[in-house]
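Here's the structure, in structure tokens; my notes come after.
Every number in this text was worked out from the coordinates using simple rules, so none of it is lab data. Treat the numbers as computed from the prediction; the structure is a model and nothing was measured. Here Cβ is always computed from backbone atoms with ideal geometry, including for glycine, and neighbour counts include all displayed protein chains.
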Amino acid sequence: MAKAKVAVVGAGLIGLSTAVCISESIPSCSVTVIADKFTPNTTSDVAAGMLIPHIFPDTPVHQQKQWFRETFDYLSGICNSSQASEAGIHLVSGWQIFKTIPEKKTPFWSDVVLGFRSMTEKEMKKFPQHKFGQAFTTLKCDCPPYLLWLEKRLKENGGYVHVRKIEDLWELHSDYDIIVNCSGIGSRKLMRDREIHPIRGQVLKVHAPWIKHFIRDGDGLTYIYPGIHDVTLGGTRQKDNWNLSPDPSTSKGIFDRCCALEPSLHTAQDVKARVGLRPSRSSVRLQKEILVRGSEKLPVVNNYGHGSGGFSVHQGTAKEATRLIKECIAVLEMSRCKAKL
Ligand SMILES: Cc1cc2nc3c(=O)[nH]c(=O)nc-3n(C[C@H](O)[C@H](O)[C@H](O)COP(=O)(O)OP(=O)(O)OC[C@H]3O[C@@H](n4cnc5c(N)ncnc54)[C@H](O)[C@@H]3O)c2cc1C
């Protein structure tokens, strides 16, 4: 039987992690990642890469928890291996603080991260404007190194990468048997999906190597996330804003808010502003669809719309997409068998 040929459209976090998962779980197929942008020029490169789940309102919580747990366990394995530094994966401890006490003091993901607890009164003294806080240890990806590591891993498994813009998935029909669509915000045009929209995020990457603890305001707008090479200061959430140019007054606002939480940041050096468009929907679109053109059929597995939480769930969604591809391959093999009879 000829090898099934799979094309993954998208070379951000979701495309690369899905391609690696397919190449490892289904060694009998060939995998090619096709995208117009690769690291360091994707949305995924701008992200902070923290494993703190974002809530998808239309996805059942047990599903979100499973994706988060699978991702946390997968990255913990890398973090505990000799690959950790090259892959840019590390543990980070810190605080999530709230100006008003949240309805649920214990989020659904509290038993997935490490050592989750309420902050003590003594810890809260650092944040006089805040009334409540949670302390825990989680994982963080340094995004460009992690994307490079995924790409290297794909190539080691025999996968390929091509730089190319796709206007219509049917362009791939003659060369590939199955398409995996991981085009993020590009799916608005490529799949004519009107539900997916950008939530613009502007962040600052600064040199402040003394910052070891993360601090996140529970409103999700102000955060300080220390990485291996720099500290990410955030941020903004601007719905339906497509502007990729950093705005200087927004940068000043982010810097001032972060300094209010962590005054030592006033002496941070090498401040660089970056902007990314979060590919947002009310739920990740993770499903098969068969495109039909006359008598021709093109199986597509969609895996896009990870919004503000792609890093937190990517391995879980990659595993689910891989399961859907196995189903497509089974159908393909059956039709090839029938054609031979
Ligand atoms: C400021 C900011 C901070 C964030 N922080 C976090 C965080 O701390 N934790 C977390 O979990 N998540 C975070 N996120 C969210 C996370 O970055 C996204 O969920 C994730 O990067 C989405 O990955 P993706 O691969 O779907 O999209 P992208 O990285 O945008 O990749 C899409 C790919 O598809 C390709 N493509 C699109 N259309 C076409 C086409 N027509 N032809 C060919 N190629 C195409 C692109 O070139 C690209 O390669 C953050 C996001 C932002 C912006």
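Close amide-amide hydrogen proximity is noted between Ile26 and no other residue 5 or more places distant or on a separate chain, at a cut-off under 5 Å (H modeled in the peptide plane; Pro and chain starts excluded). Sorting Ser93, Ser174 from the fewest to the most surrounding beta carbons within 10 angstrom yields Ser174, Ser93. Beta-bridge orientation, the chain: approximately 70 percent antiparallel, per DSSP, counting only bridges with both partners inside. Using C-alpha pairs under 8 Å with a sequence gap of at least 6, the mean separation divided by the residue count of the chain gives a relative contact order of 25 percent. Look at Met124, Met191 and count the other Cβ atoms within 10 Å of each Cβ; fewest to most, that gives Met124, Met191. In the chain, taking the dipole from charged Cβ atoms about the Cα centre, the farthest positive-side position among Val331, Gly159, Ser174 is held by Val331. Around the Cα centre of the range 223-341, unit charges on the Cβ atoms of Lys, Arg, Asp and Glu (plus for the first two, minus for the last two) sum to a dipole of about 700 debye. Taking the Cα centre of the range 1-103 as reference, the dipole from Cβ charges on Lys and Arg (+1) and Asp and Glu (-1) amounts to some 120 debye. If R0 equals 51 Å, the separation of the Cβ atoms of Lys338 and Gln83 corresponds to a calculated FRET efficiency of about 0.70. Annotation note: trypsin sites (Lys or Arg not before Pro) in the range 156-265 located in DSSP loop regions with a Cβ neighbour count of at most 15 within 10 Å are Arg164, Lys165, Arg192, Arg194, Lys212.
What dipole magnitude, in Debye to the nearest 20, does the chain give about its Cα centre under +1 on Lys/Arg Cβ and -1 on Asp/Glu Cβ?
Magnitude of the dipole: close to 360 debye.
Within a straight-line Cα-Cα reach of under 19 Å, Lys252 can be paired with the following lysines, leaving aside sequence neighbours fewer than 8 residues apart in one chain: Lys205, Lys272. Phi angles of the range 178-194 translate, via the Karplus equation with coefficients 6.51, -1.76, 1.60 and θ = phi - 60°, into HN-Hα couplings of 9, 10, 10, 9, 10, 8, x, 5, x, 5, 4, 8, 5, 10, 6, 8, 7 Hz per residue; Gly and Pro are given as x.
A straight Cα-to-Cα reach below 21 Å connects Lys319 with the lysines Lys3, Lys5, Lys65, Lys140, Lys152, Lys155, Lys288, residues fewer than 8 places away in its own chain not being considered. Sparse packing (at most 13 other Cβ atoms within 10 Å of the Cβ) combined with a DSSP loop state is found for the following trypsin sites (Lys or Arg not before Pro) in the range 70-126: Lys99, Lys104, Lys105, Lys125. Around the amide H of Ile89, modelled in the peptide plane, lie the amide H atoms of Asp142, all under 5 Å away and 5 or more residues distant in sequence or on another chain.
Computed from backbone phi with θ = phi - 60° and the Karplus coefficients 6.51, -1.76 and 1.60, the 3J(HN,Hα) list for the range 271-283 is 7, 10, 8, 9, 10, x, 9, 5, x, 9, 8, 6, 8 Hz; x is used for glycine and proline.
State which stretch of the chain is the longest one without any exposed chymotrypsin sites (Phe, Trp or Tyr not before Pro), exposure meaning a DSSP loop state and at most 13 other Cβ atoms within 10 Å.
1-209
Given H placed on each backbone N at 1.01 Å, which residues far from Val8 in sequence or on other chains put an amide H within less than 5 Å of it? Amide H neighbours of Val8, under 5 Å, 5+ apart: Thr32, Val33, Ile34, Val180. Straight-line cross-link partners of Lys212 among the aspartates and glutamates, defined as a Cα under 12 Å from its Cα and at least 8 positions apart when in the same chain: Asp230, Glu262. In angstrom, the C-alpha Rg and Dmax of the range 4-336 are 20.3, 69.
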